[in-house]
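The values are calculated or read from the model by the stated rules, or taken from the named source; none is laboratory data. Everything quoted here is computed from the prediction, not taken from an experiment. Positions of Cβ are backbone-derived with ideal geometry, glycine not excepted, and every protein chain shown enters the neighbour counts.
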Number of protein chains: 2
Amino acid sequence: MPDNLIPRTPSAYAYPLLIKNLLFAPVADNPDQEIIYADRFRFTYAEFKQRVAKLANALTDLGVKPGDTVAVMDWDSHRYLECFFAVPMIGAVLHTVNVRLLPEQVIYTIDHAEDDFLLINSDFLPLIEKIKGRLNTVKHFIVLQDKEELPKTSITLTGEYEALVGAASDQFTFEDFDENTRATTFYTTGTTGMPKGVYFSHRQLVLHTLCTMTMLATSAEQGRIHQQDVYMPITPMFHVHAWGFPYIATTMGIKQVYPGKYVPANLLQLIDREKVTFSHCVPTILHMLITSPEFATTDLSNWKVVIGGASLPKKLCKSARAKGIDIFTGYGMSETCPVLTIAHVGNQDLDEDAEIERRCKTGRPLPLVQMKILDDRMQEVEPDGTAVGEITVRAPWLTQGYWKGIRNSENLWHGGYLHTGDVANIDARGYVNITDRIKDVIKIGGEWLSSLELEDIINLHESVSEVAVIGMEDDKWSEKPLALVVVDQTAEAVDAKKIIQHVKAYIDKGLMNKLAVLMKVKFVDAIDKTSVGKTDKKLLREKYL
Amino acid sequence: MPDNLIPRTPSAYAYPLLIKNLLFAPVADNPDQEIIYADRFRFTYAEFKQRVAKLANALTDLGVKPGDTVAVMDWDSHRYLECFFAVPMIGAVLHTVNVRLLPEQVIYTIDHAEDDFLLINSDFLPLIEKIKGRLNTVKHFIVLQDKEELPKTSITLTGEYEALVGAASDQFTFEDFDENTRATTFYTTGTTGMPKGVYFSHRQLVLHTLCTMTMLATSAEQGRIHQQDVYMPITPMFHVHAWGFPYIATTMGIKQVYPGKYVPANLLQLIDREKVTFSHCVPTILHMLITSPEFATTDLSNWKVVIGGASLPKKLCKSARAKGIDIFTGYGMSETCPVLTIAHVGNQDLDEDAEIERRCKTGRPLPLVQMKILDDRMQEVEPDGTAVGEITVRAPWLTQGYWKGIRNSENLWHGGYLHTGDVANIDARGYVNITDRIKDVIKIGGEWLSSLELEDIINLHESVSEVAVIGMEDDKWSEKPLALVVVDQTAEAVDAKKIIQHVKAYIDKGLMNKLAVLMKVKFVDAIDKTSVGKTDKKLLREKYL
């Protein structure tokens, strides 16, 4: 291959893709545009840039050096946004700690990431107090809070965020460095064993920002983001960069609203008061909003919501559509920065059912995302909307391994494609649809039955409030589906037989694999969830098998 | 600075930013979407991808190797689009030859670029016949034409494009290589002396594509590009990658129309028939369209046009607006790939005059574009819409020098910023407005008078058809403005005195520097233009001073 690299005159500036460039050269540069923290704080982009410089000075004064790791434990706030920029911009690594993990897991991730500094919301001090003697790497604790007086705690605090930022100079020269420098790290609990660390470079975050923005902005009508949107995350900022949207919103220069700890009434009030038009969340959170009393009286007809983290149930999609919400699916995972696909409706004239189906699909790949759906012979499946295989992917923003985890890293990247562990089909128009996790597929006598598809159908029964399907061992079939069902107490009484009949009706119409008839039903009080709100099938298997 | 680069597990794929990735992982992947060449040829994206592979095979079979330079002389065609992709995708360099140059300049650029292969439209064979003994590097000539039979020519032709492509296999494995590999080169005649070569890498073109798309797509309403647009260039493809839009359109996967040689009636017919919604051109071409007989009967109310290459005169902008055209300005130059700014109207409520003014501004910088407007003391000018300085810039897609031109390269990049040679002001909302070229500024007794601003005002006189202002030497003032005026024969008769009075009225209103009153007027038959349609002030100075 050619050695024909572009020559560079000595004075020419070789532009590195650094996070600071998103902040300093945004799409729409309006210094008066606002950034808002709940009902407590509002300031302009001009002030935001000053605050990022102040935070950089404050951190540097405390001894943060390039290459150090700065961990944050906070609810969604302007402070977190400032850390998204200032920490990587000084060459340090931002560790967004998952505050929903068990204490043992929090210790593990802080130790494993070798965090040097911990910025911690006072709400989480009790957790850290419990484990403090066991945090070996953290040199300084800085408290984040909304009130002025320092909290009572046995932790030795170096200072309070707002005081440190307030006292610092607003002049800071952010130097250039290699765009492949590590910018962020966090831990994923998606699989078995202890959490695994993923990490992303400045270059990866810049490219993820540009391509996600391009995908959303170029949509003709439905689900587009533009310079007049008002953004509010409803996916925590510790969860995969809040899917990258704080970077996107800042790059666009649009109004941003950070809601603090998620309380449905407050979220709806903020959407109403600040005229929020663009958000993202997991289905569970949307379900919480829909079932909260304030929902009926809040106008959500200008609200666009990307649903991710789990598939969007059609029932939930319909409820949201009935309210006028532009709801659609995005897909990705911790390992992928995360966004890989978006499910826009597209330009066809679709009836309401077909449109709902489109919105609930996994979506079409972003620009620069090369996706291959490989069957168990490592062949690409036919794009017929039926044949299934594992989603494997290449993109400019995928973690290049697990942090200090060589063996898992090689498994992840086996054959030069990142293996998502998600099983999906793809149709002729390029829409991917996930049917299951590879490990959740139920293998019945050599055939793959999707646990998620079966859940969807059971879920349509009006007496079913929630359901999870796992595979139970079977001597004859190797596995059989076991449906764990939570009954809707307000609906008509139901038994296992009725549910199996309900599924059978779909089998008879050719809408479900006939092997599903082998299912068993067990009624349970609740479906266990992981820290990020997904059905915890690992735990369910431990409990019910 | 930190040495904390992201580690890469051996099997991980380090994704290079290559042009092939724009083609193979577009925003909207619709294999049935069309690409059209005038009224001669239409095919799908699926066929287009096959044709790119066929062209790659045809070129490789002819001996094109990575690092070789493949020159193209053609009108806007599907063939040219195929070359935009296939040539760089095999690791070769695409030289887009400016067919409007003088024969001596064409020889110079082909020799200087060391072109190995020349793909040439039969219309240009007579030009090459004249100079053929003097082309030292070209090993093969391939003819491009719309008819089947080979033309009679004294040039030894290796073959005809369509026949070569037709005979080649549609399977080609495009290998990865370094994203900093040179992808394209072409020559700029914007300044004094022989044409200067600029060059761009794969990485630069990918980033230019993403950021220009982002800027255009995120606009809330006005001047946005989206997945339902139909694109047709009206800036030649040899002119700075047709401003990068063929790459943008292909990355978006939208319908594309290539019009061949520009004939106003044909262009309007294509816009009408193919429902073209997005184009770009220089003011001269738009003027040609507006004054062509078919203009009145063509519906252009869904047509968006970016104007570049020269400033957009308000009069022309008004004519276009009256027709319902969404017209606005883009800015860049050969050295900058080219796009640097776009003049969207933005979200304010503006009256028609203010909106026209906004559309005619130079615009606001694209994301990742860092622009500094420096006065003669190298200080940034105040953003007051008045103070002027030279536009200097950093972006990820600027030529890193002139090809084999060390001294000019260092001048271009003096101090680590690319010096555009354009004089501009910037307002509080970030809109840049070019007032002149540094070398065209008229220096009157220590003050800078913009020749372009004076031209704009003279142009508003209804008896003036065209005008150019240059500086003439003056013992007392050092320079004085000389206005070269072409009279509109259909309007009322005019003399120098009336024109000076017209300018004086603007001076009295405070809309023009009072030194403009020193101007002299000379009536001429025509204003000389450069090969790309700009006023040729160098030639005008030679002729009239």
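Evaluating A:V99 against the criteria (1) more than 9 Å from chain B (Cβ to nearest Cβ); (2) at pLDDT below 95; (3) surrounded by fewer than 17 Cβ atoms within 10 Å (Cβ to Cβ) leaves one unmet condition, (3). Being in a strand (DSSP E or B), without any contact (Cβ under 8 Å) to a residue 60 or more places away in the chain, within 11 Å of another protein chain (Cβ to nearest Cβ) and among the polar types (S, T, N, Q), is that true of even one residue in region B:209-229? No, region B:209-229 contains no residue that is in a strand (DSSP E or B), without any contact (Cβ under 8 Å) to a residue 60 or more places away in the chain, within 11 Å of another protein chain (Cβ to nearest Cβ) and among the polar types (S, T, N, Q).
Residues in region A:230-255 that are away from chain B (no Cβ under 12 Å) and without any contact (Cβ under 8 Å) to a residue 40 or more places away in the chain: A:F245 alone. Here B:L94 fulfils each of the conditions (1) within 14 Å of chain A (Cβ to nearest Cβ); (2) touching a Leu at 6+ places or on another chain (Cβ under 6 Å) apart from (2).
Does region B:74-93 contain any residue that is of a type in the set (G, A, S) and at pLDDT below 95? Checked region B:74-93: no residue is of a type in the set (G, A, S) and at pLDDT below 95.
Here the condition is being more than 14 Å from every other protein chain (Cβ to nearest Cβ), surrounded by fewer than 18 Cβ atoms within 10 Å (Cβ to Cβ) and either under 23 Å from the mean Cα position of the chain (by Cα) or over 30 Å from A:Q228 (Cα atoms) (or both); of A:D111, A:D3, A:D76, it holds for A:D111 alone. Listed conditions (1) free of Cβ contacts under 8 Å to residues at least 60 places away in the same chain; (2) within 14 Å of chain A (Cβ to nearest Cβ) are all met by B:G193, apart from (2).
Is one or more of the residues making up region B:187-198 in a helix (DSSP H, G or I), crowded, with 22+ Cβ neighbours inside 10 Å and of a type outside the set (S, T, N, Q)? Within region B:187-198 (the criterion being in a helix (DSSP H, G or I), crowded, with 22+ Cβ neighbours inside 10 Å and of a type outside the set (S, T, N, Q)), the answer is no, since none of the residues qualifies.
With a requirement of 1 or more residues that are away from chain A (no Cβ under 14 Å), the strands (runs of 3 or more DSSP E) lying completely within region B:326-424 that satisfy it span B:326-332, B:370-374, B:389-394.
Summed over region A:256-276, the residues that are without any contact (Cβ under 8 Å) to a residue 24 or more places away in the chain and within 19 Å of the chain's Cα centre (by Cα) give a count of 1. Is it fair to say B:T156 is β-branched (V, I, T), away from chain A (no Cβ under 14 Å) and surrounded by fewer than 19 Cβ atoms within 10 Å (Cβ to Cβ)? Taking the combined requirement at face value, the residue satisfies it. Check whether at least one residue in region B:165-174 is over 16 Å from A:T218 (Cα atoms), in contact with a Lys or Arg (Cβ under 6 Å, 6 or more places away or on another chain) and either crowded, with 22+ Cβ neighbours inside 10 Å or not assigned by TED's automatic domain parsing to the domain that holds B:E82 (or both), and report yes or no. Taking every residue of region B:165-174 in turn, at least one turns out to be over 16 Å from A:T218 (Cα atoms), in contact with a Lys or Arg (Cβ under 6 Å, 6 or more places away or on another chain) and either crowded, with 22+ Cβ neighbours inside 10 Å or not assigned by TED's automatic domain parsing to the domain that holds B:E82 (or both). Selection over region B:11-36 of residues that are touching a Gly at 6+ places or on another chain (Cβ under 9 Å) and at pLDDT 95 or above gives a count of 4.
Once region A:523-545 is narrowed to residues that are of a type in the set (K, R) and in contact with a strand residue (DSSP E or B) (Cβ under 6 Å, 6 or more places away or on another chain), the residue that is farthest from A:N98 (Cα to Cα) is A:R541.
Selection of helices (runs of 4 or more DSSP H) fully inside region B:433-545 by the criterion of at least 2 residues being outside the structural domain of B:T392 (by TED's automatic domain parsing) and buried (at least 21 other Cβ atoms within 10 Å of the Cβ) returns B:451-459, B:496-508.
In this structure, A:Y45 does not satisfy being modelled with pLDDT of 95 or more, over 29 Å from the mean Cα position of the chain (by Cα) and within 12 Å of another protein chain (Cβ to nearest Cβ).
Those residues that are among the acidic types (D, E) and in contact (Cβ under 8 Å) with a residue 40 or more places away in the chain, I need them from region A:118-138; list them, please. Correct list: A:D123 only. Taking the listed residues A:T153, A:T158, the one that is more than 18 Å from A:M194 (Cβ to Cβ) and part of a loop (DSSP other than H, G, I, E, B) is A:T153, with no other qualifying.
Among the residues of region A:253-265, some residue qualifies, meaning at least one is assigned to a helix (DSSP H, G or I), surrounded by fewer than 22 Cβ atoms within 10 Å (Cβ to Cβ) and not charged (D, E, K, R). Just one of (1) part of a loop (DSSP other than H, G, I, E, B); (2) farther than 27 Å from A:N57 by Cα; (3) among the small types (G, A, S) fails for A:S169. It is (2).
Among the candidates A:T341, A:T362, A:T386, the residue that is β-branched (V, I, T), closer than 19 Å to A:F200 by Cα and touching a strand residue (DSSP E or B) at 6+ places or on another chain (Cβ under 7 Å) is uniquely A:T341. For region B:255-275, a tally of residues being in contact with a Phe, Trp or Tyr (Cβ under 6 Å, 6 or more places away or on another chain) and of a type outside the set (S, T, Y) returns 3.
For the condition at pLDDT 90 or above, buried (at least 20 other Cβ atoms within 10 Å of the Cβ) and touching a helix residue (DSSP H, G or I) at 6+ places or on another chain (Cβ under 8 Å), A:E390 qualifies. Applying the condition of being in a loop (DSSP other than H, G, I, E, B) and more than 10 Å from every other protein chain (Cβ to nearest Cβ) to region A:19-41 and asking which residue is nearest to B:P365 (Cα to Cα) yields A:Q33. Of all residues in region A:284-297, those satisfying the criterion of being free of Cβ contacts under 8 Å to residues at least 60 places away in the same chain and part of a helix (DSSP H, G or I) are A:L286, A:H287, A:M288, A:L289, A:I290, A:P293, A:E294, A:F295, A:A296, A:T297.
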